[in-house]
């Protein structure tokens, strides 16, 4: 009995062999890092359009509205009404025409930063993103380099007013 006890006491603790596991990690970690999909997230801060202010003696300020309808994009002033109607061209919205017109509006109102984007209920999400991009900035060449020039970076989103049905 003593021999067994002495034999057990003299045995050293077995070492854990992790060489195979380490080899696996050395191969697996770089592989996962190389094949990982890195996605760039862009967040645009949006607000709700401001409500009509109370009646005052001063003239109403310019309030840009871009209304996206099923068949067109309408640019206007909340207080004065529609300024430009951009119908669809070959079934597609005219984003380039929108940007060109907004450049002229920006030239007229250079200090204006906000725009209200109003959409009809069935407008697709991709159209919303394209109109936001066309409203916020446009590509411009400066010193042989393309940069994004600012138009109306503070975009708020709301529902488009319902068109009156003509009978």
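The values are calculated or read from the model by the stated rules, or taken from the named source; none is laboratory data. It should be emphasised that the depicted structure is a prediction, and the values quoted were computed from it without experimental measurement. As a convention, Cβ positions derive from the backbone with ideal geometry for all residues, glycine included, and neighbour counts pool all protein chains shown.
Data for the structure
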item	result
Filter result for residue 81 (over 14 Å from residue 132 (Cα atoms) and at pLDDT 90 or above)	no
Sole residue being exposed (fewer than 13 other Cβ atoms within 10 Å of the Cβ) and out of contact with any helix residue (DSSP H, G or I) (no Cβ under 8 Å at 6 or more places or on another chain), chosen from 123, 162, 127	162
Where residue 129 falls short, out of the listed (1) over 21 Å from residue 76 (Cβ atoms); (2) part of a strand (DSSP E or B)	(2)
Complete set of residues in segment 88-119 that are surrounded by 16 or more Cβ atoms within 10 Å (Cβ to Cβ), within 23 Å of residue 161 (Cβ to Cβ) and in contact (Cβ under 8 Å) with a residue 40 or more places away in the chain	102, 105, 112, 115, 116, 117, 118, 119
Scope segment 54-69; condition over 21 Å from the mean Cα position of the chain (by Cα) and either surrounded by 11 or more Cβ atoms within 10 Å (Cβ to Cβ) or at pLDDT 90 or above (or both); matching residues	60, 61, 62, 63
